[in-house]
Every structure is written in structure tokens, then in C-alpha cells.
Amino acid sequence: MKSILSVTVNGRRREDAIPDNLLLIDYLRDGLGLTGTKQGCDGGECGACTVLVDDEPRLACSTLALQVQGRRVETIEGLAGDGDLTPLQRAFQDKLGTECGFCTPGMILAAEALLRRNPHPGREEIKQALSGNLCRCAGHAQIVAAVETAAESRKNETAMEGAR
Amino acid sequence: MNALPDFRLHRPATLDEAVRLKAQIEHPACVAGGSDILVNLRRGLAKPGDLIDLSGLRDLDAIERIGDELWIGALTTLARLTRDGAVAAAYPALAEAAATVAGPTHRAAATLGGNLCQDTRCVYYNQSEWWRDGNAYCLKHCGEKCHVVAKSDRCYATYHGDLAPVLMALGASAIVARAGGLRRLPVENLFREDGAHYLTLAPDEILAAIALPPLNGRAAYVKGRVRESVDFPLTGIAAALKREGDVIAALRVAITGMNSAPLMVDVSKLIGKPWNDETATLLSNALRSRATALATTLAGPKYRRRAMQGLARRLMDQVWAHG
């Protein structure tokens, strides 16, 4: 059984005929080649497949592709659209928030969702927002530091804009 | 590659349409947030020919005051429950319990109705197809034997929802939609102590909303688990207390993570008495006789039983002090 999915992925509108039982993660990875979305576990326990749906973090492994009908999906490939890393991605690089890298796309998108909702989160809020994303290298301290740095740089940018 | 079994997806736009579909389809299954059923389908724990996606029913995600009750639509996400002003003001225990469910990404998708109706769990059930095949399956799915209670003719999988005990302690009602209209029942009557048939909803019924009466007193929920995020409760206790001076005027206690259903605990012996060591022992005994922790989780039953009693004491100390 197939149905038509109309969706915006990383800013581009698409229409695809897809099977009813297709998971969002398989649509993104196998259908669109967006393999930045990782599959870590098979049960929504690790957060590696986190993507943004209308700015909210969502586990692509436990969402049907047809459930994002008419909505806006963003994957890690969509963040640095013009090739430059975003401040958040740069912070992950600078603060060594990436070890093996497998959890990184999910971590960055979960953090991105937090920063869109709350541009200046405290350490506790960051830990809360990332508590569903597991890093098997146990690099959580650096990851939290990276998000703090990104939030800090956003704050400085806002302050500079205010001063101008 | 398709990880899920073949099914036809229905996306009704209204509750009427959803109820009609559910009545027409043989063995229908429903999905909303997907964090429970899609994981199970992926593991081959069910093969529904039709799946009804309830997430498009916009009329089911309202939070509104009706008379002196607060009605919360079944499609309200747990994330919204944790930050909704009306919920936080009147039933902080519910908002706090919602915040303990899984991780933030699950809560953004998971719904109140889905949390209540979530499947029961067991170490012999929540496993891959290969694992279960190698173990001759189990009574809950495809097998003929319960590996937890070998001579049992019923499944002992455990109910691990966090919100049900809180709603039960608060005296909430479930509003259920069916072809003829709505029916209303106490939340505890949604459940049956049978791991394989743990819901009392008829095949053509859909949980539409929860109605909360005004809270006269103070309520709280405590959850025991391995990690402070993502994990299901190994035990969970909710209490709603009305304190008058130095006596317990009214008390409702419910537990989760122990039996195949969330259960009310008979605390009538505590009424009219102060909260002290004596009543704490009475509560502890009442909990022990009500709960049947079995080897359905990786943590042992003895640990879960003791954790339940210890956490219940801590919970009551807290509501008593603030009551």
C-alpha cells in the first residue's frame, strides 16, 4: 500500500509515493540519501536518529514517514546549508563534543531544538534537553560544554547587535 | 528496506471517523506518537493489517475547563503536559510525572492517551524476533508458556506507565469514545490485571480524554528507575492526601511498575490517623499485599518491592509536610 507524502525536507518541498509502513528514518536515509540521521538502537532508546519536525526534536526511528505529512523536517544536512558550520556545530568541533561521531547529528539537533526554544539555557536545561541522547563514548561533559559555548556565542552576538 | 510489517495506514481527521474506522476494521491497531507501538511493530510483536493514525485528530488535543473539571484531550503530548499553565497550577503532580517519562524527544511525540494505553512489558517480551524465537516465544505473543510464572494460564507482563497512578490518585475519569457517543469510567477501570489483555477498552472504542476533578489537598508521584532519564519505572507510587490538622482526612494511593495493571491501594486503615511510624508501617503492609513484583524486569522483584516501600515512605513524608 502506497500513499503520497508531501513534506519539506531541509527547506525543499518534495512529493514522494512511499509505502504506508515506511519509517521516517528509512525514508530519509534510504529514500533521500540523507545518511546523517543515524540508527543507533531499534527501540527509540538512544536518540541518534533525532531530527527536527516543525522545530521540535523527533525520533525518526519511531515515527512513520506519513506522519510528517505537510510538515517541515530538518536533518543534520540541513543545518549547514551553505557549507559553513553553524555556531553550534563549530562549538561541537572546538569543545571536542564529538568522539566517534555516531551520536553527534542527534545531539546537535536535540541541542538546536533547545536553543531555538530557549536561546540562553542553563547547564541543567541543557542536560535535561539532551537526556534522551546517549553517547557511548561517554563524552557527555564535552557535549554539554559545547552547547553552553554555542549558547554563550549566541548571547554575545545578540549583545553586539544590541550595542550597534 | 522496510522495518515494519505491511499494513494500510488510515489517517482520520475527526474522532467520529476514527471510531467508525475502528469499528469496521478487524483487529485494528492505533498509533499516535509512535514511541510505543512502532517500536513493538518493528520487533515483530504484532502484525496489524490496518493501522489507524490518530495524530491528525485535532479535536483531541485541547486542555479545557468544563464545569469544575479540567479535561485533557488524549492527544495532548507529554511535553505539553509538563509546561501547560492550567495543568501546572491545578495538578503539579501530573506535570511532574509527565516530566519523568522517557526523554524529552519521546515526550515531544508521546501522548497522554498513548502513555495510558501503552503495552505491558516483560524481559521475555520486549526482545527481538530472534531472541523470542530462540526462547519458544511466550504467552503474551505467539507462545504457549509464560516464562515468568511457568504454570500460569495468564500473562504476567508488567504495566509501566507513569501517568496512570497519578490520575488514579487524583480520582480522574477516562472519557471513551465509541459509535454511540461517549462513556465515562474511573481511570483505574481502564485496566485489567492480565498482561496480554491489560485494557478494558472494546475494539471499537478510543480513549478520547481525561477529566480531572478539583484537587482538595496535595498530590505527588515518585518513580524508581535505574537512570534518571529514558527508563521505565521499576516501581512508581502516586499519592493524593487531604490533611486536616494532624490527621489524614483522605488519601488515595496508586502504584505502577509492579503488576499487570496500575492498581489502587487500600489505605482505609490510615484514615483519621496522623502520619507517623505506625501509619507508615500500615501503608508499607498495604503496598506489600497489593503489589506482586515478579521477574519481569532486569532488576529483581525483591529490590522493586523494597524500593516501592521505601519510596512510598519518602513520598508520604513529602506530601504530609506540605499538606
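The values are calculated or read from the model by the stated rules, or taken from the named source; none is laboratory data. Predicted model only: the values in this text are computed from it and were never measured. We place every Cβ from the backbone using ideal geometry, glycine too, and count neighbours over all the protein chains shown. When the accessible area is computed, the model is the full protein with side chains, heavy atoms only, and any ligands, DNA or RNA have been set aside. Shrake-Rupley method; radii C 1.70, N 1.55, O 1.52, S 1.80 Å.
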Exercise for the section: For the range B:109-127, state whether one or more residues are surrounded by fewer than 23 Cβ atoms within 10 Å (Cβ to Cβ) and small (Gly, Ala, Ser). Expected result: no
Handout entry: Hits in the range B:103-156 (condition: within 29 Å of B:Ile206 (Cα to Cα), more than 14 Å from chain A (Cβ to nearest Cβ) and aromatic (Phe, Trp, Tyr))
Key = B:Tyr124, B:Tyr156
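Name the residue, out of A:Ala138, A:Ala91, A:Ala110, that is within 14 Å of chain B (Cβ to nearest Cβ), touching a Ser or Thr at 6+ places or on another chain (Cβ under 7 Å) and either outside any loop (DSSP other than H, G, I, E, B) or of a type outside the set (Ser, Thr, Tyr) (or both).
Numbers: A:Ala138 fails: touching a Ser or Thr at 6+ places or on another chain (Cβ under 7 Å); A:Ala91 fails: within 14 Å of chain B (Cβ to nearest Cβ).
Checking each option against the conditions leaves just A:Ala110.
Taking the conditions exactly as written (modelled with pLDDT of 95 or more, touching a helix residue (DSSP H, G or I) at 6+ places or on another chain (Cβ under 7 Å) and not in a helix (DSSP H, G or I)), does B:Gly171 satisfy them or not?
Numbers: modelled with pLDDT of 95 or more: yes; touching a helix residue (DSSP H, G or I) at 6+ places or on another chain (Cβ under 7 Å): no; not in a helix (DSSP H, G or I): yes.
It is false that B:Gly171 is modelled with pLDDT of 95 or more, touching a helix residue (DSSP H, G or I) at 6+ places or on another chain (Cβ under 7 Å) and not in a helix (DSSP H, G or I).
Consider the range A:11-43. How many of its residues are not in a loop (DSSP other than H, G, I, E, B) and not acidic (Asp, Glu)?
Matching residues across the range A:11-43 total 13.
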Exercise for the section: State whether one or more residues within the range B:17-28 are within 14 Å of chain A (Cβ to nearest Cβ) and open to solvent by less than 10 Å² (accessible area, probe 1.4 Å). Expected result: no
Problem - When residues of the range B:105-151 are limited to those that are of a type in the set (S, T, N, Q) and in a helix (DSSP H, G or I), the one nearest to the chain's Cα centre (by Cα) - result: B:Asn115
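Restrict the check to the range B:287-308 and report whether at least one residue is more than 17 Å from B:Gly171 (Cα to Cα), among the β-branched types (Val, Ile, Thr) and touching a helix residue (DSSP H, G or I) at 6+ places or on another chain (Cβ under 6 Å).
So the first thing to find is which residues in the range B:287-308 are more than 17 Å from B:Gly171 (Cα to Cα), and the list is B:287-308.
When the remaining residues are screened for being among the β-branched types (Val, Ile, Thr), the result is B:292, B:296-297.
Now narrow it down to the ones that are touching a helix residue (DSSP H, G or I) at 6+ places or on another chain (Cβ under 6 Å): none.
Checked the range B:287-308: no residue is more than 17 Å from B:Gly171 (Cα to Cα), among the β-branched types (Val, Ile, Thr) and touching a helix residue (DSSP H, G or I) at 6+ places or on another chain (Cβ under 6 Å).
Just the residues that are out of contact with any Pro (no Cβ under 8 Å at 6 or more places or on another chain), open to solvent by 20 Å² or more (accessible area, probe 1.4 Å) and part of a strand (DSSP E or B), please, taken from the range B:241-250.
Here is the first cut: in the range B:241-250, the residues out of contact with any Pro (no Cβ under 8 Å at 6 or more places or on another chain) are B:241-245, B:249-250.
Remaining after also requiring open to solvent by 20 Å² or more (accessible area, probe 1.4 Å): B:242-245, B:249-250.
The answer is B:Lys242, B:Arg243, B:Glu244, B:Ala249, B:Ala250.
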Exercise for the section: Taking the residues in the range B:187-211 that are surrounded by fewer than 21 Cβ atoms within 10 Å (Cβ to Cβ) and among the hydrophobic types (A, V, I, L, M, F, W, C) as candidates, determine which candidate is nearest to B:Thr279 (Cα to Cα). Expected result: B:Ala211
Exercise for the section: Could you tell me whether the range B:206-219 includes any residue that is among the β-branched types (Val, Ile, Thr), under 27 Å from B:Tyr156 (Cα atoms) and either modelled with pLDDT under 95 or in contact with an Asp or Glu (Cβ under 6 Å, 6 or more places away or on another chain) (or both)? Expected result: no
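Please verify whether B:Arg11 is open to solvent by 40 Å² or more (accessible area, probe 1.4 Å) and at the interface with another protein chain (Cβ under 8 Å from one of its Cβ atoms), treating the condition exactly as stated.
On the way: open to solvent by 40 Å² or more (accessible area, probe 1.4 Å): yes; at the interface with another protein chain (Cβ under 8 Å from one of its Cβ atoms): yes.
Yes.
Look through the range A:1-10, keep the residues that are outside any loop (DSSP other than H, G, I, E, B) and touching a residue at least 60 places away in the same chain (Cβ under 8 Å), and return whichever of them is farthest from A:Cys100 (Cα to Cα). So that I can check it myself, show each step before the final result.
Just the residues of the range A:1-10 that are outside any loop (DSSP other than H, G, I, E, B), to begin with: A:2-9.
Now narrow it down to the ones that are touching a residue at least 60 places away in the same chain (Cβ under 8 Å): A:3, A:5-9.
On the way: A:Ser3: 37, A:Leu5: 34, A:Ser6: 34, A:Val7: 31, A:Thr8: 30, A:Val9: 26 Å.
Taking the candidates together, the pick is A:Ser3.
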Exercise for the section: Kindly check whether there is at least one residue in the range B:214-232 that is under 30 Å from B:His27 (Cβ atoms), crowded, with 24+ Cβ neighbours inside 10 Å and assigned by the TED database to the domain that holds B:Gly113. Expected result: no
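Select from the range A:103-135 the residues that are surrounded by fewer than 16 Cβ atoms within 10 Å (Cβ to Cβ) and in contact (Cβ under 8 Å) with a residue 40 or more places away in the chain and write down the one among them that is nearest to A:Thr149 (Cα to Cα). Working first, answer last.
Of all residues in the range A:103-135, those surrounded by fewer than 16 Cβ atoms within 10 Å (Cβ to Cβ) come to A:116-120, A:122-125.
In the following step, the residues that additionally are in contact (Cβ under 8 Å) with a residue 40 or more places away in the chain were identified as A:116-117.
Numbers: A:Arg116: 15, A:Arg117: 17 Å.
The residue in question is A:Arg116.
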Completion exercise
Going through (1) open to solvent by less than 20 Å² (accessible area, probe 1.4 Å); (2) under 22 Å from the mean Cα position of the chain (by Cα) one by one, B:Thr279 fails only at (2)
Exercise for the section: Looking only at the range A:8-31, count how many residues are open to solvent by less than 10 Å² (accessible area, probe 1.4 Å), at the interface with chain B (Cβ under 10 Å from one of its Cβ atoms) and either of a type in the set (D, E, K, R) or over 18 Å from B:Arg11 (Cβ atoms) (or both). Expected result: 3
Fill in the blank from the handout: When restricted to B:Arg65, B:Arg20, the only residue of a type outside the set (S, T, N, Q) and closer than 30 Å to B:Pro214 by Cα is B:Arg65
Exercise for the section: Could you grab me the full set of residues in the range B:55-104 that are closer than 24 Å to A:Leu59 by Cβ, open to solvent by 50 Å² or more (accessible area, probe 1.4 Å) and either outside the structural domain of B:Asp231 (by the TED database) or in a loop (DSSP other than H, G, I, E, B) (or both)? Expected result: B:Arg58
